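Novice: Pasting a structure here, questions to come.
The values are calculated or read from the model by the stated rules, or taken from the named source; none is laboratory data. On a predicted model such as this, the values are computed, not experimentally measured, just so you know. In this analysis, Cβ positions are derived from the backbone assuming ideal geometry, glycine residues included, and neighbour counts consider all displayed protein chains. To get the accessible areas, we keep the full protein, side chains included, count just its heavy atoms, and leave off ligands, DNA and RNA. Shrake-Rupley method; radii C 1.70, N 1.55, O 1.52, S 1.80 Å.
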Amino acid sequence: MAVSRRSLELPPADPDRARLHQLGYKQELRRGLSVLSNFALSFSIISVMMGVTITFNTGLRYGGPVSMTLGWFAVTLFNGCVALSMAEICSAYPTSGGLYYWSAKLAGKDWAPLASWVTGWFNIVGQWAATTSIDFSLAQLVQVIVLLGTGGQNGGGYMASKYVVLAIYGAILVVHGLINSLPIQYMAWFGQLGAFWNAAGILVLVILIPAVAKERASARFIFTHFNVDDATGIQDKAYILAVGLLMSQYSVIGYDASAHMTEETKNADWSGPMGIITSVALSSVFGWIYLVALTSIMTEDIRSLLDPGNDAGGYAVAQALYTAFHRRFGTGVGGLVCLGIVAIATFLCGCACITSNSRMGYAFSRDRAMPFSRFWYRVNKQEVPFNVVWLSVAVAFVMALTSLGSQVAFQAMVSIATVGQYVAYALPIVFRVTTARRSFVPGPFHLGKFGVLVGWVAVAWVALLTVLFSLPVAYPVAEDNFNYTAALVGGVLLLSVGAWVLHARFWFQGPITNVDL
């Protein structure tokens, strides 16, 4: 049958649906997100107010102000390269699978299944660990607020047991699961609320905190003071600085959410990349401003702020805020309000993180990479991947059970969330600059002739931080200070490759098309 030339030139009624079909998938999720909503979800997940606050102890202990305020710039520069490279690839392949789909398309026919498999498992395990670290940190923050609100550790305040903290954590996860069971338009609203709350909250805090503080640190202290904590047994300043960068690196992570939400985003091949770039850029700016404001009230001896015997139980930010307001007004209630602002931002961050987890799990199950994929790969009447939402909740809860045995082992969740995620970010970029260097077909957003150079810088940075964050964090190395990051990252690699060799290589072929092309 003859088809007129004019009919071939007509644009499709829905370009997003048509592009998704070209990539091999039916449109099964509702496209209810704008570029603003896509950005908002990533910005809410990054949540620098949350990231800086919950990892401030690490930065303060390892290098102190200089490792945080100046180290932030180095991390921002290299994170920018990772984000730009990811945005370029996202523009070419706007699917919910994101990173593992990109690896499959860029690694070449022979390596595509293995590349996709390993990338996908690093991505989803890193996301589960991120949810665990965020929501458990929220439970700990709630416990600190209650502790200070009832008199502090030295004034008879209520110190929750580890079982109570775990129960609070479980309740937070359930609420997040219920919210994520709602239709996508509600999640768009929560994402926008999270973005607004993070931006507005930081602006309020950076004005309020220095204004309230009777004593403020000098600019020299904020930008040049280098802290060496004798308790760690590490004296080499370069080593200390390297470990301290974990705070800055963890504070800007999770922006792959923009890629995972592309099948629910309008004009996805442009909106997805813009979501990645703008969320990282604005988070980097807001995060540094907030970091400087917090550092300005660290006027007490750093050792006393980190002392587990202080009123906040060693939570440096909480102790400094409570003290600053108490000195000004005779009560620390204002400090508790500031911590409440951070707690709400953390709650919204954890909620958005479950959203991203579930979309990644949905896509990975669609390609039959997960056990019981047929069960997880289902959407309900509201076009929400309901089953995998609750899978994300359940796995995050199980991961937090490590806190009952060892806080040190649990703290490694922060590291695996950072390193695991960035390994997943780097793998498709590796293939972009090697096997697909000449064959890569860019989308509307691209870096032109600088794409390969930026990609190599991104890969080199991820390789370096993987080594840095696996180093011992104290000497001599003992059971109570052992860094489990290398073991966890190595475990994910060993299990994923082992499963591939023993089982998955016989049936997993990478992303599976579910439309007739």
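Novice: Between residues in the stretch 42-67 that are more than 30 Å from HIS260 (Cα to Cα) and residues that are surrounded by fewer than 24 Cβ atoms within 10 Å (Cβ to Cβ) and of a type in the set (Lys, Arg), which pairs lie under 8 Å by C-beta distance while being six or more apart or on different chains?
Specialist: Filtered contacts from the stretch 42-67: GLY63/LYS237.
Novice: Take PHE136 and tell me if it is open to solvent by 10 Å² or more (accessible area, probe 1.4 Å), assigned to a helix (DSSP H, G or I) and not polar (S, T, N, Q).
Specialist: In short, no.
Novice: Considering the stretch 72-93 alone, what residues qualify as being open to solvent by 10 Å² or more (accessible area, probe 1.4 Å) and more than 29 Å from ALA242 (Cβ to Cβ)?
Specialist: Result: TYR93, single match.
Novice: Same structure, new question: Kindly indicate whether any position in the stretch 41-57 is surrounded by fewer than 24 Cβ atoms within 10 Å (Cβ to Cβ), closer than 30 Å to GLN249 by Cβ, touching a strand residue (DSSP E or B) at 6+ places or on another chain (Cβ under 9 Å) and at pLDDT 85 or above.
Specialist: no
Novice: Also, quick follow-up: Mind checking which pairs have a first residue in the stretch 307-327 that is closer than 10 Å to GLN153 by Cα and a second that is buried (at least 24 other Cβ atoms within 10 Å of the Cβ) and of a type in the set (Ser, Thr, Tyr), Cβ under 7 Å, 6 or more apart or different chains?
Specialist: From residues that are closer than 10 Å to GLN153 by Cα, the pairs are ASP311/TYR322; ALA312/TYR322.
Novice: Go through LYS109, LYS162 for me and flag whichever is open to solvent by 10 Å² or more (accessible area, probe 1.4 Å), free of Cβ contacts under 8 Å to residues at least 24 places away in the same chain and not hydroxyl-bearing (Ser, Thr, Tyr).
Specialist: Of the residues listed, the single one that is open to solvent by 10 Å² or more (accessible area, probe 1.4 Å), free of Cβ contacts under 8 Å to residues at least 24 places away in the same chain and not hydroxyl-bearing (Ser, Thr, Tyr) is LYS109.
Novice: Do you know which residues across the stretch 165-192 are buried (at least 21 other Cβ atoms within 10 Å of the Cβ) and touching a Ser or Thr at 6+ places or on another chain (Cβ under 7 Å)?
Specialist: Within the stretch 165-192, ASN180, MET187, ALA188, GLY191 meet the criteria.
Novice: Show me the helices (runs of 4 or more DSSP H) found entirely inside the stretch 385-488 where at least 3 residues are open to solvent by 30 Å² or more (accessible area, probe 1.4 Å) and under 25 Å from ASP135 (Cα atoms).
Specialist: Those helices (runs of 4 or more DSSP H) span 386-400, 407-433.
Novice: Go through (1) in contact (Cβ under 8 Å) with a residue 40 or more places away in the chain; (2) under 22 Å from the mean Cα position of the chain (by Cα); (3) surrounded by fewer than 16 Cβ atoms within 10 Å (Cβ to Cβ) and name the single condition ILE124 misses.
Specialist: So the condition that ILE124 fails would be (3).
Novice: So which residues in the stretch 264-305 are modelled with pLDDT under 85 and buried (at least 22 other Cβ atoms within 10 Å of the Cβ), if there are any at all?
Specialist: Within the stretch 264-305, GLU264 is the sole residue that qualifies.
So that you can scan it fast, the table gives a plain yes or no per residue for (1) in contact (Cβ under 8 Å) with a residue 60 or more places away in the chain; (2) assigned to a loop (DSSP other than H, G, I, E, B); (3) open to solvent by 60 Å² or more (accessible area, probe 1.4 Å); (4) acidic (Asp, Glu):
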position: GLY201; (1), (2), (3), (4): yes, no, no, no
position: GLN235; (1), (2), (3), (4): no, yes, yes, no
position: ALA238; (1), (2), (3), (4): no, no, yes, no
position: LEU241; (1), (2), (3), (4): yes, no, yes, no
position: GLY244; (1), (2), (3), (4): yes, no, no, no
position: GLN249; (1), (2), (3), (4): yes, no, no, no
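Novice: Next question, about the same structure. How many residues are modelled with pLDDT under 85, among the β-branched types (Val, Ile, Thr) and open to solvent by less than 10 Å² (accessible area, probe 1.4 Å) if we restrict to the stretch 345-383?
Specialist: Going through the stretch 345-383 one residue at a time, the tally reaches 0.
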